[in-house]
1. Give, in whole angstrom and from largest to smallest, the semi-axes √(5λ) of the equivalent ellipsoid of the stretch 158-272, with λ running over the eigenvalues of the Cα gyration tensor.
2. Find the all-direction average of the projected area of the Cα convex hull for the stretch 130-218, expressing the result in square nanometres with one decimal place.
3. What is the set of long-range amide H partners of G131 at a cut-off below 5 Å, with H atoms built 1.01 Å from backbone N?
4. Could you work out the local net charge near K289, counting Lys and Arg as +1, Asp and Glu as -1, over the other residues with Cβ closer than 10 Å to its Cβ?
5. Of K216/K289; K135/K216; K226/K289; K135/K314; K151/K314, which ones are farther than 24 Å apart at the Cα?
6. DSSP loop (so not H, G, I, E, B), at most 10 other Cβ within 10 Å: list which GluC sites (Glu not before Pro) in the stretch 200-300 pass both filters.
7. Sorted from fewest to most neighbouring beta carbons within 10 Å, what does the list I241, I31 look like?
Amino acid sequence: MAKKEEKLESCSCGCNCNWWWKILGVSLSAIWTIFSIITFVIALWALICAQKAYDVSQDSYNLNVLSAGWEENLKKMNELYSSEAYIKYATEQTDGYVQSFNSQFWDSETTDNGNDSDTTEDDGSNIVAWGDEVKSVVTDMLASTPIRGDKDARFVIVEYTELHCPFCQRHSQEGTINSVIEQFPWEVNSVSRHFIIHGEDALNLASAMECVAELKPEVYHETFEKAFDAYPVDMDGLISIAVGLGVDESALKTCADEGKYKQAVNDMMNQASSLFGVNGTPGNVIIDKETGNYIVVSGAYPVDEFVKAINELKNA
């Protein structure tokens, strides 16, 4: 009996296609298996990480497993956020945001800011007319405080600031006031005053800055700028900066240790609040000495806002 020949299917090229399909199928199966294993490993790793994060978050509610001192830190933070100083600071920042919003979307009305001066007519501006007490204070301020810019300039920017205020530090490093003076070189000058938000250390630094004003007033503003560059500066750092600018070290240390100007700093704060309605830092009062009008710019606003306020005063 004749042996039956086995007929093999083949492509037109004569090769055996069954083997190629088998190899392709095995390869795809292997790739899929490897992909599944990798996916499983990643999912397992993510689950483990999530479990660890959950465990840590649960432990954060258990004071017994926390490091020593955590309760005391929490207590101090609660005291800070409930303190009158911080509430005043937060209020000032909120007022600044509200003022910015109103200036963009609504006609802002001039309101009673707690001083004894008369407000201008309700014309949609922020301009306030000063009273005799404000005029007297400003006159004394310009006679006793180091001035940045032309001393005979028509407009003066009274900048209420603090060396431990982060917004003041940004305001200084951006060179906002200097830029405004550069745009109005013979029309605008400025003086720096203190408004304390961050407690006794900031008050001591402010008192020491007034010692610098007494001992070498020509480096007062430069000392301020360099102190902000070293933010957050301490007393030793401030003294080092001032001495580097030529202030007598012994005299400065004596003046600072005595807290000679603490009361003067407190008086500045009281005047800022009662006369101009300033309640935080940086608080900027732009005063037109010719007309007696002024505008308060509360917060670390850009140069354009100051230019806008000055032009508004010019056109009043």
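1. Here the semi-axes work out to 22, 16, 14 Å.
2. With the hull built on Cα positions only, its mean projection is 6.4 nm².
3. Long-range HN contacts for G131: S117, D118.
4. -1
5. K216/K289; K135/K216; K226/K289
6. E290
7. I31, I241
Each value in this text was obtained by applying a stated rule to the coordinates, not by laboratory testing. Just so you know, these numbers come straight off a predicted model, no measurement behind them. All Cβ positions, even for glycine, are placed from backbone atoms using ideal geometry, and neighbour counts span all protein chains on display.
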